[in-house]
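The values are calculated or read from the model by the stated rules, or taken from the named source; none is laboratory data. Since the structure is predicted, the reported quantities are computational estimates derived from the model, not experimental observations. Cβ placement follows ideal geometry from the backbone for every residue including glycine, while neighbour counts extend to all protein chains displayed. What goes into the accessible areas is simple: the full protein's heavy atoms, side chains included, and nothing from ligands, DNA or RNA. Shrake-Rupley method; radii C 1.70, N 1.55, O 1.52, S 1.80 Å.
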Amino acid sequence: MIEGFRPYAGIRVLDMTHELGRYATRLFADLGAEVLRVEPPGGLPDRGRDTAAVPGGAEAFAFYNASKKSIVLDLSGNAGRAALADLARDAQVVVLERGGPLGADDIAWLRGLNPASVITYISPYGLGGPLADAPASDLTLQAAGGIAWMTGRGGEPPLRLPGQQAAMVVSVYAAVATAVSLLDAETRGRGHILDVSAQEAIAHSLQNAIQVWDLERRISHRAGEGTRDASENIYECRDGHVFLASPPTTGVSWKSLVAWMRECGHPSAEAFADEKWLDRKYRSRPEARAEFQPLFEAFTRGFTKQELVENALKRRIVMSQVSRVRDVLDDRQLAHRDYFVRMGEGGPRFPGAPYKLSEPVWHVAPAPALGEHNALLARP
């Protein structure tokens with residue numbers, strides 16, 4: 001790895017995140033920044049929460065904190081705060097999270113130490129407002145941000161997106177805002193204080209739901225604002241499921257689908273040859289959906305996912321396999337691109353870089369042990 005190619009080489013980030021913001025700081029670490037986890041004795045809360053005793057806990061900690069360094073400071077005493085002050089004077093970025101070693105009341109102190117730095121504060125609901133101090137979880141943040149309402153099938157209850165989606169969404173927003181602010185700070189020599197709310201980040205991710213209300217005074221329905229064509233759904237096949245989107249308006253897709261069924265001599269071809277399937281209004285009705293599914297699945301159950309997708313690609317039919325986690329881990333395309341990486345000898349596989357650039361800018365290293373880099377505190 002050539003250090004000069006890494007865009008954040010020479011940038012120091014003080015990281016006191018433990019849930020909502022730790023992926024944001026990792027994105028900087030992977031691109032060359034020196035990200036120092038400033039931890040109290042015993043570690044930040046995620047060290048106690050993400051352990052081998054919790055299913056997937058150790059892996060979660062290893063993923064979110066890869067490429068970082070760890071130092072231990074007791075900020076309850078003068079010596080610890082003095083050591084942190086020395087670090088903050090040389091840091092271009094400080095990332096705080098509610099519930100960490102420093103809180104909102106410490107932002108002004110940090111700003112005074114280095115007015116040209118970027119201070120990012122990440123919390124469930126932001127620094128102000130009636131919910132500023134309210135408890136929160138991934139489930140409640142998804143619900144409060146509105147994404148739970150948008151998730152799931154029409155006519156069925158809202159769903160929580162799997163994984164820690166609130167943390168991932170707010171981390172990406174926080175990372176982008178911090179990067180833009182850092183560029184401005186380096187260009188103009190002025191710092192920034194960023195107030196990043198997980199609820200607001202999720203609300204910003206609701207497709208066009210807000211605009212639908214503004215323009216039409218209508219609440220978006222579950223499953224989004226697509227055409228709601230009868231073909232748009234997930235369907236069973238011999239070894240799993242495939243996704244299809246084949247309304248007559250998508251070029252040759254619908255005609256090719258019916259022609260394929262006819263070539264196979266499948267009776268569903270004649271059913272779909274009825275002119276009503278060319279009527280957009282009819283295809284948007286619930287009864288059309290109910291009729292479409294058994295007819296189409298009678299065809300797809302005779303094929304594997306791979307067979308269906310390969311034929312669809314040849315025939316320009318909009319279709320994709322629905323992958324389980326195991327399918328993704330064994331995916332030939334991802335294997336060809338060396339997407340998954342291992343952190344440490346014999347360690348588990350993790351997702352690789354979420355981008356590929358023309359220069360070798362990305363590098364990942366194992367998450368640090370508690371206080372592993374305390375020697376940095378002795379630097380002159």
- Message: Suppose we filter G57, G99 for residues that are open to solvent by 20 Å² or more (accessible area, probe 1.4 Å) and either touching a strand residue (DSSP E or B) at 6+ places or on another chain (Cβ under 7 Å) or not aromatic (F, W, Y) (or both); which single one remains?
- Response: G99
- Message: If a residue must be within 30 Å of the chain's Cα centre (by Cα) and either of a type outside the set (S, T, Y) or surrounded by fewer than 20 Cβ atoms within 10 Å (Cβ to Cβ) (or both), how many such residues does the range 62-86 contain?
- Response: 8
- Give P130, P162 a once-over and let me know the one that is more than 18 Å from the chain's Cα centre (by Cα) and open to solvent by 30 Å² or more (accessible area, probe 1.4 Å). P130
- Failed item in (1) among the polar types (S, T, N, Q); (2) under 22 Å from E156 (Cα atoms); (3) surrounded by fewer than 17 Cβ atoms within 10 Å (Cβ to Cβ), with T304 passing the rest: (2)
- If you scan the range 108-118, which residues turn out to be within 22 Å of V176 (Cα to Cα) and either open to solvent by 10 Å² or more (accessible area, probe 1.4 Å) or in contact with a Gly (Cβ under 7 Å, 6 or more places away or on another chain) (or both)? R111, N114, P115, A116, S117, V118
- Give the residue that is farthest from Y355 (Cα to Cα), with candidates limited to residues of the range 1-34 that are β-branched (V, I, T) and open to solvent by less than 10 Å² (accessible area, probe 1.4 Å). T17
- Residues that are in contact with a Ser or Thr (Cβ under 9 Å, 6 or more places away or on another chain): which strands (runs of 3 or more DSSP E) entirely in the range 1-96 hold 2 or more of them? 12-16, 34-39
- Message: Condition first: among the polar types (S, T, N, Q) and modelled with pLDDT of 95 or more. Now tell me which residues in the range 155-186 satisfy that.
- Response: S171, T178, S181
- Residues in the range 90-107 that are of a type in the set (D, E, K, R) and touching a Gly at 6+ places or on another chain (Cβ under 7 Å) total 1
- Task: Filter the range 349-369 down to residues that are of a type in the set (G, A, S) and open to solvent by 80 Å² or more (accessible area, probe 1.4 Å), then give me how many there are.
- Result: 1
- Message: I'd like to know if the range 98-115 contains one or more residues that are within 19 Å of the chain's Cα centre (by Cα) and touching a residue at least 40 places away in the same chain (Cβ under 8 Å).
- Response: no
- Find the residue count for the range 205-257, including only residues that are of a type in the set (A, V, I, L, M), within 26 Å of the chain's Cα centre (by Cα) and over 21 Å from P294 (Cβ atoms). 5
- Just wondering, is there one or more residues in the range 71-88 that are of a type outside the set (S, T, Y) and under 21 Å from V176 (Cβ atoms)? no
- What number of residues within the range 35-51 are of a type outside the set (A, V, I, L, M, F, W, C) and buried (at least 21 other Cβ atoms within 10 Å of the Cβ)? 3
